Amino acid sequence: SDLKPAPLDPAGNRMVTPRAPLFALLQAIVKQKPGAIGVDIDFSPIDGHFVTPADPDFFQHCLDLEKSSGVPIFLGVFRTHYGAPKDWLGDEKFGPLAATLGMPKGDVTHARAWLEQTGAPGVYLPSLSAALAGFSPNAMRGSWLSWAVESAREHKVNDKKNIAGENLIDYGKATALQEDAIKTAKPEVIDALPDKFRFTKKVVIIGDVEKPSGGDAFVIPGRNENNEPAPGVVVHACAVESLLAPPLVELTTAGHVLLDVLLSLAVLGCITGACLYAVHARHEVNLNLLYALLNGTAIVVIFIFGMEVVKSTRVVWDDFLLVIIALLLHRPCEHAAHAAGHALKHFGKAAWDAIFPAKSKPGGKHG
């Protein structure tokens, strides 16, 4: 938005975003029934004191607006994000509005998803992107398949006294998100937006998309030739886009073993079943031909399954290439092992005979 900070005191020692026009902007956006609203401004208290005297009323107005409209509203915090819920926005009753603006230090490929205090397990402070996307910590926890699959986009890291969840960011839409941003803070402009620009069922982030400075500047690799930094609101928007996409899921060790065993049993079961049928029906079976047909079929099926599994189920299974290679090499390796064993047997027999020559048998009877 074009809502610029104003001096908090006559001397201009502290610049803050004025709360009254910001709340008017929130009211205008809420009327269009968006999916959620986030504000990329650090509202966290300074040394235990509200940033402005108007903050408690502003926070309460946001809670009331959220309750009356049903539109989730999240306010950014950074200075207090390692604290308890009562610290985030200066009062525990304002805690549900809080969302951390923190990013992993020195890593723009991941976004902070949540923070959990080590001394208060189960108490999570979501990131602004995770809160807007409705993403909860450990989404796979409690699933009956959690022993076999796990989320590929979320992982835990130790962050000072907290445990943090992080997720990958796809920056494919970074430039478009910044260029297409609606640069206004005037409620009347919001009210007059054409239908295609209205916020209905969309996630809205209020922040400064102009040239960033200081701690709000992030260099996104490969975004442009000059490595010009992007503002934090663009990073948060890309993180929301990434979390709203269907999650990638990867197999655990147990899942890998189970799937590989099932595939092996399927191939061996087909060969064994065909052989038993042939014996029962008293037909001769060309095992080499049967093996080649079943092996080729298995390779085609596994290749198609492996290529389509991510598209349809979002399960990342890259072992299918290893399984295909194993099936291709199995028969040649079997023949090579058999030939090597045969050669080793003859070599061992020849060596034994050379070291321990057989004694000639005594002749026949003498007259």
Tell me whether segment 43-111 comes out rounded, prolate or oblate; compute the Cα gyration tensor, take square roots of the eigenvalues as a ≥ b ≥ c, and use a/c under 1.5 as the rounded threshold.
oblate
A 27 angstrom limit on the alpha carbon distance is what I want to check against. Which of K86/K173; K173/K202; K31/K183; K67/K186 exceed it?
K86/K173
Applying 1/(1 + (r/R0)^6) with R0 = 25 Å to the Cβ-Cβ distance of E179 and K67, what FRET efficiency is obtained, to the nearest 0.05?
0.10
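All of the numbers you see were taken from the coordinates with simple rules; none came from a lab. None of these values were measured; they are calculated from a predicted model. Note that each Cβ is placed from the backbone with ideal geometry, even for glycine, and that neighbours are counted across all protein chains shown.
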